[in-house]
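The values are calculated or read from the model by the stated rules, or taken from the named source; none is laboratory data. Being a predicted model, the structure only gives us computed values, none of them experimental. Don't worry about glycine lacking a Cβ; one is built from the backbone with ideal geometry, like all the others, and counts go over all protein chains shown. With ligands, DNA and RNA removed, areas are computed over all heavy atoms of the protein, side chains included. Shrake-Rupley method; radii C 1.70, N 1.55, O 1.52, S 1.80 Å.
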Amino acid sequence: MSLLAAAAGILNASSPLPWLVVGGQPSGPHLSALHAAGVRTVIDIRDTMELRPFDEHGTLGTMGIEYVNAPVVSGALTDQAMDSVLAALRAARGTPTLLHCASANRTGGPLIAYLMIDEGMDEASAVDVATRSGLRSVEIMEWGTEYARRQAKG
């Protein structure tokens, strides 16, 4: 089963890279399907204070899936937050991975930056991929593109 097929039913699920699925909040059955499809890392970018429908970290632990929490909070979109998400994506590169928040909107900023910096994608294409993957916030889009531009200059 493909990663995207295993993510069926997750809000805004998409597979922008062969090893990466992005989306909104998965359920327990979604995590089981993703595990069966080979997912070994879940990067959750929700803030620790956000309500969760179940103990995702505990559920993943029983499956042997690595859980990484790298919070992204609108209004506090910092380089440090971006660095944390990108470090988690880079560590998981090539290994089946789920990157999620509640709706997939916040995944767009780090996805744009990763696609531009690590995959060499041009800005317009990266923004298009992120938009098709659930990005709806101009603030988060600008966070991702501006971060990537600064890294290119550095």
So who's got an amide H within less than 5 Å of the one on Leu99, skipping anything under 5 residues away but keeping other chains? H placed 1.01 Å off N, in plane.
Val21, Val22, Gly23, Ile43
If you average the alpha carbon positions of the stretch 48-96 and of the stretch 1-44, how far apart do those two centres end up, in angstrom?
14 Å
Model label zone, Arg93; criterion: amide N under 20 Å from point 7 Å along Cα-to-beta-carbon; scope the stretch 11-44
15-22, 39-44
Kindly write out, for the stretch 58-68 in residue order, the coupling ³J(HN,Hα) from the Karplus curve 6.51 cos²θ - 1.76 cosθ + 1.60 (θ = phi - 60°), rounded to whole Hz, with x marking Gly and Pro.
x, 4, 5, x, 5, 8, x, 9, 5, 10, 10
Percent accessible area from carbon and sulfur atoms, the chain, protein chains only, probe 1.4 Å
54 percent
Helix 123-132 against the longest principal axis of the chain: what's the angle in degrees, Cα atoms only, rounded to the nearest 10?
30 degrees
Would you mind computing, in nm to one decimal, how far apart the modelled labels at Ser103 and Ser74 are, each placed 7 Å from Cα along Cα→Cβ?
0.6 nm
If you take every residue apart from Asp79 with its C-beta less than 14 Å away from the C-beta of Asp79, what net charge results, scoring Lys and Arg +1 and Asp and Glu -1?
0
For the stretch 138-154, in residue order, the Karplus 3J(HN,Hα) values (coefficients 6.51, -1.76, 1.60; θ = phi - 60°; whole Hz; Gly and Pro = x) are 5, 4, 6, 4, 5, 4, x, 5, 5, 4, 4, 4, 4, 5, 5, 6, x
Taking Cα atoms only, helix 79-92 is inclined relative to the longest principal axis of the chain by an angle, in degrees rounded to 10, of 50 degrees
Mind checking the angle between helix 108-117 and the chain's longest principal axis? C-alpha axes, 0 to 90 degrees, to the nearest 10.
60 degrees
Between Ala152 and Ala5, take the C-beta separation as r, use R0 = 30 Å, and let me know the FRET efficiency to the nearest 0.05.
0.30
Select one label from [x] 45, 33, 32; [y] 43, 32, 25; [z] 47, 37, 35: the one whose number is Cα extents along the principal axes in Å as derived from the coordinates shown.
[y]
Counting only protein heavy atoms and rolling a 1.4 Å probe, one gets per residue an accessible area for the stretch 25-69 in Å² of 49 Å²
For Asp47, what residues show an amide H to amide H distance below 5 Å, using hydrogens built from the backbone and excluding near sequence neighbours?
Val72
Read phi for every residue in the stretch 24-31 and hand back ³J(HN,Hα) as whole Hz from Karplus 6.51 cos²θ - 1.76 cosθ + 1.60, θ = phi - 60°, with x for Gly and Pro.
x, 4, x, 9, x, x, 4, 5
Per residue, how many Å² of accessible area does the stretch 70-114 show with a 1.4 Å probe?
32 Å²
